[in-house]
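Read through the structure below, which is laid out as structure tokens, and then see the notes.
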Amino acid sequence: MKEIRINDFVEQAVERSDYPPEKIKSILGNETVAVLGYGVQGRGQSLNMRDNGLKVIIGLRPNSAGWALALEDGWVPGKTLFPLEEAAEKGTIIQYLLSDAGQKDFWPKLKPHLTAGKALYFSHGFSLVYHDQTGVIPPKDIDVILVAPKGSGTTVRKHFLEGRGINSSFVVHQDATGRARERCLALGIAIGSGYLFETTARKEVFSDLTGERGVLMGAIYGLWLAQYEVLRAKGHSPSEAFNETVEEATQSLYPLIAEKGMDWMYANCSTTAQRGALDWFTKFRDASKPVFEQLYHSVETGEETRRTLEANSRPDYRVNLEKELKAIADSEMWRAGVAVRALRPERQEKK
Ligand SMILES: NC(=O)c1ccc[n+]([C@@H]2O[C@H](COP(=O)([O-])OP(=O)(O)OC[C@H]3O[C@@H](n4cnc5c(N)ncnc54)[C@H](O)[C@@H]3O)[C@@H](O)[C@H]2O)c1
Ligand SMILES: CC(C)(O)[C@@H](O)C(=O)O
Ligand SMILES: [Mg+2]
Ligand SMILES: [Mg+2]
């Protein structure tokens, strides 16, 4: 365990070295981990746990797209792959990794299988915290734990295969057996986390919903689009506008931030760029801060989850999402992206 100390704020980081394979085996060796759902998290977490030697089974709707993918990944019907309720019945730890709307929908069918001593695991505080909207109130005689990777399930798997990790937060929400904490931390490392930091379900879901709607996904696209549109309106070519907005960010400057921070990225740009960025960042901060405040408020009041549940519970939610994603893919900016990425030398050499 290592301390993260920033001014007076001290946090503990649980690392892989705190939970070596023998320790994970002694904690989880007699458990059957039933992963319900095979979206990006279900897939990434279950494959990492299987590779780490845990007894893992998958629960899915038969004949679904997830079922076909699970077969491709080597899960065997009747042995390690079951319909949802059968897997829930067999599991001693149930990793509830259906979509957040799916968790609300399936809850009445899951509840009878949550018998005394089992553990119910989430990767998001959504269902628990907004229980007035989801109806998810676990029985008192089970452990309720949460490990939320701070990244896509796709990178949870990719980094694991590369010997790297994605950091995760963890929550011990309810300890009925006295083993909730060790179950939670052993699972957190077994799914491939880099390190784990402790939070509450409320803090996890508030920060997660803010981050993905904000800087990680929503705000970054809005900001990029605004700059791209201005450059195009001023007569710059799609390729120039895309390079100056996205390609340079992802290929050159963001890796420098990842390596050693914002000041390091700035230090590796011209004094002209440094002067300009240092003069302008406060204007962008001041312009966007009210929007972030509005966003956090919308999360806190339950408006975000209400809209998400309403949209993602419709039978045609997939079709509608795909239409919206296709509109992005078909827009000029991202068609420029396809052309620019295809010209990367390393992609051409692969052809
Ligand atoms: N996507 C990520 O990388 C990520 C990262 C951290 C946490 N999370 C959290 O992990 C959990 C799983 O997220 P995800 O992105 O892997 O899943 P997802 O939202 O893609 O949904 C997973 C699967 O749930 C199934 N499903 C939906 N409705 C269902 C229903 N009514 N009955 C049965 N199955 C149903 C779908 O087939 C879908 O493939 C969520 O709580 C999410 O917030 C996700
Ligand atoms: C990967 C994200 C954005 O961090 C996650 O929160 C999600 O909901 O998919
Ligand atoms: Mg999220
Ligand atoms: Mg997230």
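The values are calculated or read from the model by the stated rules, or taken from the named source; none is laboratory data. In this text, all values refer to a predicted model and were calculated from it rather than measured experimentally. Here the Cβ positions follow ideal geometry from the backbone for every residue, glycine too, while neighbour counts run over all protein chains shown. Side chains included, ligands, DNA and RNA excluded: accessible areas come from the protein's heavy atoms. Shrake-Rupley method; radii C 1.70, N 1.55, O 1.52, S 1.80 Å.
Data overview
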{"item": "Cβ-Cβ FRET estimate between residue 324 and residue 230, R0 fixed at 22 Å, reported to 0.05", "result": "0.40"}
{"item": "Theoretical gain in end-to-end length, residue 1 to residue 300 [0.36 nm per residue, Cα-Cα removed]", "result": "104.4 nm"}
{"item": "Residue-count net charge about residue 53 - beta-carbon cut-off 13 Å; Lys, Arg +1, Asp, Glu -1", "result": "+1"}
{"item": "Euclidean distance of C-alpha centroids, segment 219-271 and segment 141-161, integer Å", "result": "30 Å"}
{"item": "Area projected by the alpha carbon convex hull of segment 43-196, averaged over all directions, nm²", "result": "8.4 nm²"}
{"item": "Whole-number Å³ per residue for the convex hull built on Cα positions in segment 157-278", "result": "143 Å³"}
{"item": "Accessible area (Å², 1.4 Å probe, nearest 10) - residue 217", "result": "120 Å²"}
{"item": "Rounded accessible area per residue of the chain, 1.4 Å, Å²", "result": "55 Å²"}
{"item": "Cα gyration tensor, segment 1-54 - rounded (a/c under 1.5), prolate or oblate", "result": "oblate"}
{"item": "Top positive-direction residue, dipole computed over segment 201-331 with Cβ charges, set 206, 233, 270", "result": "206"}
{"item": "Heavy-atom accessible area ranking, 1.4 Å probe, most first, across 5, 347", "result": "5, 347"}
{"item": "Largest-first principal axis extents of the Cα set of segment 1-99 (Å)", "result": "53, 28, 23"}
{"item": "Net +/- balance of residues flanking residue 37 in space, Cβ distance below 10 Å, scoring K and R +1, D and E -1", "result": "+2"}
{"item": "Packing-based order for 50-58, 289-297, using average beta carbon neighbours within 10 Å, highest first", "result": "50-58, 289-297"}
{"item": "P(r) weight above 20 Å for segment 225-290, C-alpha pairs, percent", "result": "41 percent"}
{"item": "Protection-proxy order for peptides 321-328, 18-25, each taking the mean of Cβ atoms within 10 Å per residue, highest first", "result": "18-25, 321-328"}
{"item": "Sorted peptide list for 309-319, 106-116, criterion being average Cβ within 10 angstrom, highest first", "result": "106-116, 309-319"}
{"item": "Carbon/sulfur fraction of accessible area - segment 1-62, other protein chains in place, 1.4 Å, %", "result": "51 percent"}
{"item": "Carbon plus sulfur fraction of accessible area for segment 97-139, probe 1.4 Å, in percent", "result": "57 percent"}
{"item": "Net charge over other residues, Cβ less than 14 angstrom from the Cβ of residue 89 (K, R count +1; D, E count -1)", "result": "+2"}
{"item": "Residue 32/residue 111 FRET efficiency (R0 30 Å; Cβ-Cβ; nearest 0.05)", "result": "0.95"}
{"item": "Those residues of segment 142-162 whose amide nitrogen sits under 18 Å from the label point placed on residue 51, 7 Å along Cα→Cβ", "result": "149-162"}
{"item": "Cβ-placed point charges (K, R +1; D, E -1), dipole of segment 188-268 about Cα centre in debye, nearest 20", "result": "200 debye"}
{"item": "Unit Cα scatterers, Debye sum, the chain: log10 I(q)/I(0) for q = 0.07, 0.10, 0.12, 0.16 Å⁻¹", "result": "-0.36, -0.73, -1.03, -1.53"}
